[in-house]
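The values are calculated or read from the model by the stated rules, or taken from the named source; none is laboratory data. None of these values were measured; they are calculated from a predicted model. Cβ: placed from backbone, ideal geometry, glycine included. Neighbour counts: every protein chain shown. The protein model used for the area step is the full one, side chains on, heavy atoms only, and it has no ligands, DNA or RNA in it. Shrake-Rupley method; radii C 1.70, N 1.55, O 1.52, S 1.80 Å.
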Amino acid sequence: MGTFETKFTVPDLAQTKTLKMSSVVWSSQKEAVAAAVGTADNSKKTLAQHPLIQNGQKLVPSITRVFRKDQILFAYFEVYDPTLDPDSKVPNLQAEVDLITGGKKALSSQPVRVNKMESSRPGVAAFNFQIPLSRLPAGRYISQASVIDENGKKFSFPRNSIVVLP
């Protein structure tokens, strides 16, 4: 067992004029919820509202952000209170994930458009990406999630460093 500390900032969502979104969770591992040990609350309601649990699988965040070429990189993040279209009452969000090295894009995911909110969590639109790392050379990369709220004319481009090992 060990511990890891990192800064965690909760912005004042009532005051911000930018796109409101969670941190990007980077992972290469999913595990069955039934296999989880030490869970304090396994109620169906709690599990349905947990952002990292989907279809009976829990996304396990990578603390080190070090991945191997034979793995799939999972990226998960949420947008909070996106602007809804006045007529259809749905969001119009688009995102993609890019891996950048040497100032050039080494890999871009397919863009994903989200036009609905999470049914179990009001005001939340979620994005999931699965990116095979097999085509990338080993090295250090900047991972960037590019998110655009078309209705609200807002955007965000959070970045993190990752390492891909052979």
Which residues, counting only those in segment 79-105, are within 13 Å of N115 (Cα to Cα), without any contact (Cβ under 8 Å) to a residue 60 or more places away in the chain and open to solvent by less than 80 Å² (accessible area, probe 1.4 Å)? S88, V90, N92, L93, Q94, A95
Could you check how many residues of segment 148-166 are open to solvent by less than 70 Å² (accessible area, probe 1.4 Å), part of a strand (DSSP E or B) and not β-branched (V, I, T)? 4
Does S108 satisfy being out of contact with any strand residue (DSSP E or B) (no Cβ under 9 Å at 6 or more places or on another chain) and without any contact (Cβ under 8 Å) to a residue 60 or more places away in the chain? no
Sole miss for F67 among (1) in a strand (DSSP E or B); (2) surrounded by fewer than 17 Cβ atoms within 10 Å (Cβ to Cβ); (3) over 13 Å from the mean Cα position of the chain (by Cα) is condition (2)
Residue check for K104: at pLDDT 95 or above, under 21 Å from F157 (Cα atoms) and of a type in the set (D, E, K, R): yes
Residue list for segment 124-166, filter: without any contact (Cβ under 8 Å) to a residue 40 or more places away in the chain and within 16 Å of the chain's Cα centre (by Cα): F157, R159
Only one of Q57, Q110 is in contact with a helix residue (DSSP H, G or I) (Cβ under 8 Å, 6 or more places away or on another chain), open to solvent by 40 Å² or more (accessible area, probe 1.4 Å) and either at pLDDT 95 or above or of a type outside the set (K, R) (or both), namely Q57
Just checking, how many residues over segment 113-147 are of a type outside the set (S, T, Y), open to solvent by less than 70 Å² (accessible area, probe 1.4 Å), in a strand (DSSP E or B) and within 14 Å of V79 (Cα to Cα)? 7
